[in-house]
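Structure first, then comments.
The values are calculated or read from the model by the stated rules, or taken from the named source; none is laboratory data. This one's a predicted model, so the numbers in the text were calculated from it and none came from an experiment. Neighbour counts are summed over all protein chains in view; Cβ atoms, including those assigned to glycine, are modelled from backbone coordinates with ideal geometry. Keep in mind that these areas ignore ligands, DNA and RNA; they rest on the heavy atoms of the full protein, side chains included. Shrake-Rupley method; radii C 1.70, N 1.55, O 1.52, S 1.80 Å.
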Amino acid sequence: MSVAPRAKSSTYVGLFLVTLATLFYELLLTRIFSVTMWYHFAFMAVSVAMFGMTVGAVIVYLRPERYRQENVEADLAANSVWFAVTVVASFLTLLSIPFVGKANLLGLWSLALTFAVVAVPFVFSGIAVALALTRFPRETNRLYAVDLIGAALACIGFVVLMQHTDGPSAVFAAAACAAAGGVAFGFGATASRARGVGALVVLACAALSIWGAARAAEQKPLLRLNYVKGAVEPEPRWEKWNSFSRIAVFGDPNELSPPSGWGLSRAYPKNKRTKKQLGLNIDATAATVMTNFEDDFAKADHLKHDITNLVHYLRPESSVLVVGVGGGRDVLSALTFEQKKVTGVEINDDILAAVTGEFGEFTGHLDRRPGVELVNDEARSWIARTDQSFDILQVSLIDTWAATAAGAFTFTENSLYTLEAWKLFLTRLTPRGVLSFSRWFFPDRPGEIYRLATLANAALRSQGVEDPRKHVIIVTHLITGGIPGELDAAGVGTMLLAKEPFTDDDLNKLDKVVESMEFNMVLSPRVSKDPLLEEFVTTRDLDGAVGRYELDVSPPTDDRPFFFHMLRLADALKSDLWRQGDMSFNMKAVALLMALLVVVFGLTLACIVVPLALTTRRGELAGTLPFFLFFGAIGVGFMLIEISQMQRLIVFLGHPVYGFSVVLFSLLLASGLGSFSTQLGRAGRDDDGGTARLVLLLIVVAIFGAATPFAIERFASATTTVRIAVATGLLLPLGLVLGMAFPLGMKLAGAKRDGLTPWLWGINGATGVCASVVALVVSLAFGITTTFWVGGAFYVLALAAYAWSRKVAPRAVTR
């Protein structure tokens, strides 16, 4: 009986670097795609990366004669170097492909070409990882641990590096890391040309990455993203990347242009309709403006004619909290109305740096004005911790459409539009306090305004309010009347929600302002021009009212925090419901998600069926079904639990960087330690402890699945340090047991069906691809908690499959 080969220390180092580079590049592509495409396409980068790696594993399974044991170190080195080279080549190709985001043949071809190019590097990464995990069966647990630890550290590396460079330059850093893995693997081979080639690639890519970072700091980037949202982007005046956004500033500070006011009254004098301003956008989508101030409020008088600022007429001499500072527009508005104190909370430190630093002279250094405080924090988390109360809490058109690491449908602003958030906001208002929320308004289908209405109803009734209508005012203003068949009528709607009922004096004052500004009072304690809107604000049977409407405008909760996605999954293919003016892409995102679900299921099936069809001696596969079930189940289960926990904790931790780095890092690191903890012994023995470990896994999943919501509620107002500690405590035991399943399965499969292990690794990856989409579908339809428990159910299936697999008689598998 031959003794299984042992992995060398260079193999561990090489695997660590390759898996670090793999996840780093995957995260980086998600960030880049969020800029060049739309956020819902960004999520596909994760699926395609996982699919590319699965293809690599299947190639290893189908070509055993090509990947022989005696050449494994050389093959590992060569494929790692090819991974590095194709990272650069595919990215440069990607920069030259204009994205056509339309539902036609050209759009489909553009999408297919883009993701085919993206998948290539991950195929080579998949080959390298599959070889490392399957050619050294005695050390699968340790190698898998190194795999996960490398991926975990990629999370931290990504956050740190993106603070000091731009997206394109970071691509070269990923390639350098991958090539370094090839060099490390090469030291384990007796003769490897890849080692020398890899060293050259490391030096070249590292030099380009450092040079690119230096040029980016000087605002002279080495490479630019030419095609953004399907069009050639003009050169930004200033640009800054971080791990969850790209900030770009456009315009000439010396030129006069029409004041940017999405809700600007038509009554504003035409002879004043030119201002000095600069445009600032996030991921080439969400836009805000920086207005030239220079300590002259006359230059900001247009802000008194904007519908988003109506609340200031009702509550003068107030303490104001602005959520989402952006270009400083709402802060400047409060100052223009001579409010006594203004606090602005902005989650993105690079935006604050632009407004108060790089363009501070232009904006008048709002942060230095008496009574103004600007805070870099996630608003909801900060509000939960502060002991201050406010007369006005203003949230004006807060949307970034920037994909976060928790998935492309998990925006940083989601947490502002949930029932739990509004309950919190109401507790931070003074007795005379008013919430002011402004959203886009489309009169043909005002979904966002209707959803604000249901939120107001639910939040007020949760505070014991019997008649919500006395507390709610909704005013709208059309920016454009639309063009039939071409352009929807569009505008802005502002909801004012008072802690105490609006007084007659409030209503008289606002009636005069609305009339003078030529706005439209849609709903107030005195007026009702939309019966459906009135029903959403006043009904006690909110579920029934929402169920009768064509869109899902139910109040979002922390368990279903998807305010912007109102298309029910059953209606995803009803294109007549997609129209929502400029926000139609949110409707199409749900349709795309369903289409993506079909595609990934097809690809997953292909990964399983095609190798089976190409296997010549199919009789030898008898008894392998339980192995397929086991690796498929843990692939789905791990992904569902990982994504659901990240979605839960990203709100709790209060910042996308914390949510990403703490959750993903802790879960992957703990999973690596769990893998390392599994004992080798003799595979297939009844006393190997595998069944007991999987039972322990189910117990821990059940305990921490139930404990997570309680801990989130209990520590929501704790300091950041405490919340990070709580999140880590919730994740480490969970990751520890989740990391045991894969090496236990590989150990058993190695004893029962040795030649099958690359394919089983591929099945694990393929089902993970599928689960990454399923997780979002389940969360959108049923909630994040359901997603978690569905993931737990798949681990129950895995336990049953494992027990079944132990009864299978050993047999060699050949192709």
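Below, the figures for the structure above:
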read-out	value
Straight-distance crosslink candidates among aspartates and glutamates, where the alpha carbon sits under 13 Å from K220 and sequence neighbours closer than 8 are dropped	D166, E235, E239
For L264, distant residues with modelled amide H under 5 Å away	I307
Nearby lysines by direct alpha-carbon distance to K276 (threshold 21 angstrom, same-chain neighbours under 8 apart not counted)	K299, K304
Candidate aspartates and glutamates - alpha carbon under 16 Å from K747, same-chain residues fewer than 8 apart omitted	E139, D686, D687, D688
Most to least accessible of E448, E73, E255 (protein chains only, probe 1.4 Å)	E255, E73, E448
Members of K275/K509; K341/K529; K240/K340; K340/K499 lying beyond 24 Å, as alpha-carbon distances in this model show	K275/K509; K341/K529; K240/K340
Full-extension gain in nm, A204 to K229, via 0.36 nm per residue minus C-alpha separation	5.9 nm
Cβ crowding within 10 Å averaged over residues, with 342-349, 627-634, 21-28, 455-462 ranked highest first	21-28, 627-634, 342-349, 455-462
Amide proton proximity set for R237, modelled H, under 5 Å, gap of 5+	V249, F250, G251
Normalised convex hull volume, region 745-815, alpha-carbon set, Å³ per residue	83 Å³
S396 accessible area, assembled protein chains, probe 1.4 Å, Å²	20 Å²
Among 315-328, 758-771, 350-363, 738-751, the order from most to least packed when residues are scored by Cβ within 10 Å on average	758-771, 738-751, 315-328, 350-363
